[in-house]
Amino acid sequence: MPKNQQQNGELIHRPVLVQEVLECLRPRAGESYLDLTAGYGGHAELIIDKTKSPEKAYLVDRDELAISTLKTKFEKAQIIHSDFKRACEDLVEQGKHFSMVLADLGISSPHLDIASRGFSFGNSGPLDMRMDQSQDLTAAELVNTASEQELIRILEEYGEEPKARVIARRITENRPIEDTTALSNVVAKAYGPWAARSRVNPATRTFQALRIAVNDELNQLSDSLSLMARLLAPGGRLAIISFHSLEDRIVKQYFAEHAGDRFDAELKLLTKKPITAADPEIRLNPRARSAKLRAVAK
């Protein structure tokens, strides 16, 4: 993951698949826009520049730092501090509809680069991993209180970790584990000599699994897809960017069930297969390597 650039002392997050998102959403002047994971406004800035209607933009994020940045950058937009499932539920209840809906499911660069957020084994910090810092559950609580069987389930289900049982046992044997470096070292020992030879840090799957569990990411996505579809105005476009196979599988399955050539299909596929980043973007932003974009229209 690349380090953030600095601009006027602010952390800058580089959005992925920007041109591809614009091609899928096709923003036009006067259209409304809902960004369910607005982050630091990378996609939103470009889309609102096309619509010329910031007052019709609703920007959602559950991270306090992101919300603060969005309020500064988009004074006329509606800024919503919420997870995207709750935001979808509230907007459906309000009867809102949008020309475009976007959900970029990846974590933002500041999450990884700010050590105190505890998302990365590359920066030593507390085991936190909360996207919404007001919630109670942290990665430290999971690591230090969950049963060995529960840790195995989390590592297998959310990390597809082949050494889940060994890692879970090592975690319980080495409690309390206070920070990201300590957890990374425990995982490395579970992998043994192979860890030093691998180009991929052996803690990658463990950190992914814990992050997904702490933030309930997969359930959020599964529960929100039908709500996203309901929020589309006739002719509205929905684009979703995922970053690992578990997310992409959920999106792919939902689109397969609700979009297609059937006469009763609710949605129309705009991407028959996921759009991925080209080599020039990956060289500029390695984060884009795992990004997959799927889109539908109402």
**Prompt:** How compact and how long is the chain, expressed as Rg and Dmax of its alpha-carbon atoms in Å?
**Reply:** 19.6, 59
**Complete:** Computed about the Cα centre, the charge dipole of region 40-185 from +1 Lys/Arg and -1 Asp/Glu charges at the Cβ has a magnitude in debye, to the nearest 20, of 320
**Item:** Accessible area of region 61-160 divided out per residue, in Å², using a probe of 1.4 angstrom
**Value:** 43
**Message:** Give me the percent of accessible area attributable to carbon and sulfur for the chain, probe 1.4 angstrom.
**Reply:** 47
**Prompt:** Given only helices, namely DSSP H runs of n ≥ 4 each adding -39500 (n - 2.57), what is the per-residue ellipticity at 222 nm of the chain, to the nearest 500 deg cm²/dmol?
**Reply:** -13000 deg cm²/dmol
**Fill in**
Once Lys and Arg are counted +1 and Asp and Glu -1 for all other residues with Cβ under 9 Å from that of LEU218, the total becomes -4
**Message:** For the ranges 231-242, 47-58, 24-35, what's the packing order if you count other beta-carbon atoms within 10 Å of each residue, average per peptide, and put the highest first?
**Reply:** 231-242, 24-35, 47-58
**Asked** Cα-based Rg of region 144-184 per 2.2 N^0.38 Å, rounded to two decimals?
**Response** 1.07
**Request:** Amide H neighbours of LEU34 under 5 Å, at least 5 residues apart or on other chains, H built in the peptide plane: list them.
**Result:** TYR58, MET100, VAL101, LEU102
**Prompt:** Counting Lys +1, Arg +1, Asp -1, Glu -1, what net charge surrounds ALA164 among other residues with beta carbon under 12 Å of its beta carbon?
**Reply:** 0
**Request:** Express in % the proportion of alpha carbon pairs of region 58-188 at distances exceeding 22 Å.
**Result:** 49
**Asked** Cα-Cα over 24 Å: which of LYS85/LYS163; LYS85/LYS292; LYS85/LYS272; LYS252/LYS298; LYS52/LYS96?
**Response** LYS85/LYS163; LYS85/LYS272
**Fill in**
For ARG230, the net charge from surrounding residues (Cβ-Cβ under 11 Å; K, R +1; D, E -1) works out to -1
**Prompt:** Treating the beta-carbon of each Lys and Arg as +1 and of each Asp and Glu as -1, no other charges, what is the dipole magnitude of the chain about its Cα centre, to the nearest 20 debye?
**Reply:** 980
**Request:** With a 1.4 Å probe and every protein chain left in place, tell me how much accessible area HIS244 has, in Å² to the nearest 10.
**Result:** 30
**Prompt:** Which sequence of ARG175, ARG205, ARG165 reflects their accessible areas, 1.4 Å probe, from the largest down?
**Reply:** ARG165, ARG205, ARG175
**Prompt:** Could you give the accessible area per residue of region 205-266, probe 1.4 Å, as a whole number in Å²?
**Reply:** 40
**Request:** Please find the FRET efficiency linking GLU150 to SER68, where r is the Cβ-Cβ separation and R0 is fixed at 51 Å, and quote it to the nearest 0.05.
**Result:** 0.90
**Asked** Could you state the per residue volume, in Å³, of the convex hull enclosing the Cα atoms of region 218-298?
**Response** 97
**Fill in**
With the charge dipole of the chain built from beta-carbon charges (+1 for Lys and Arg, -1 for Asp and Glu) about the Cα centre, the Cα from ALA277, LEU102, ALA190 projecting farthest to the positive end belongs to ALA277
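The values are calculated or read from the model by the stated rules, or taken from the named source; none is laboratory data. None of these values were measured; they are calculated from a predicted model. All Cβ positions, glycine included, derive from the backbone under ideal geometry; neighbour counts span all protein chains shown. Side chains are part of the model used for accessible areas, which takes the heavy atoms of the whole protein and leaves out ligands, DNA and RNA. Shrake-Rupley method; radii C 1.70, N 1.55, O 1.52, S 1.80 Å.
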